Amino acid sequence: MVHYLAAALVAASFATSTPTSLDWQADYGKALAATRSDQRPLLVVLDIPTNPQQSLSNELLATEGEQAKVLGAYELCHVDASTEYGQKVAEAFGATQFPHTAIIDRKGEVVLFKKAGQVQESEWNTTLVKFQSGERPVAQTSFYRGGSIMPTSSTTNISNCPACQRAAMGL
């Protein structure tokens, strides 16, 4: 009985420590739904796989080895832009040049990053690491100007002219 319990514990520890396999989803809608449910950012690649000038290299898209560590933080979506479905997705992203890469926040609401054209491996890795949390950048709500902190709300319409800013602040 003790041996059975020990074997079960070892099997359970392997099951929980083994990372889930990474798979590229070909359906943008399903990938977006997974992003929203799993709260992970979505990496979208639109390209034409049959054309080397209009596709990302297989090394960048590899879900094994070193790339798996970087891609593991993301839901993955790879759409063939040469298909009818792919053209609709490309249109939704405003993509006219391929490959086209986008990263969407972990809530599936905001595009955090967009790039058209080829990507170098160093740029790819840096970008993926930068956005892996899927958090939106914090917007600046005020700025310092000559001794005063001024709000930057959309209701405040202050010119860039220092005299106009002082007048608006009642200085």
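Every read-out reported here was derived from the displayed coordinates using simple, explicitly stated rules and does not represent laboratory data. Bear in mind the structure is a predicted one, so any value in this text is a computation, not a measurement. A quick note on method: Cβ atoms are made from the backbone with ideal geometry, for glycine too, and the neighbour counts reach across all protein chains shown.
Want the number for GLN97 to ASN51: 0.36 nm per residue separation, take away the alpha-carbon distance, what's left?
Numbers: separation 46, 0.36 × 46 = 16.56 nm, distance 1.24 nm.
Fully extending the segment from GLN97 to ASN51 adds 15.3 nm.
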Exercise for the section: For segment 21-131, list log₁₀ I(q)/I(0) at each q in 0.19 Å⁻¹, using the Debye formula over Cα point scatterers of equal strength and ignoring solvent, two decimals each. Expected result: -0.95
Practice task
Would you mind ranking ILE103, ILE48 so that the residue whose beta carbon has the fewest other beta carbons within 10 Å leads the list?
Solution key: ILE48, ILE103
Fill in the blank from the handout: The set of residues whose placed amide H lies less than 5 Å from the amide H of LEU112, leaving out same-chain residues fewer than 5 positions away, is ILE103, ILE104, ASP105
Problem - Full-stretch length increase - ALA116, TYR85 - with 0.36 nm per residue and alpha-carbon distance subtracted - result: 9.3 nm
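Sorting ASP23, ASP47, ASP80 on the 10 Å Cβ count, fewest up front, what's the list?
Numbers: ASP23 10, ASP47 25, ASP80 19.
Ascending Cβ contact count within 10 Å gives the list ASP23, ASP80, ASP47.
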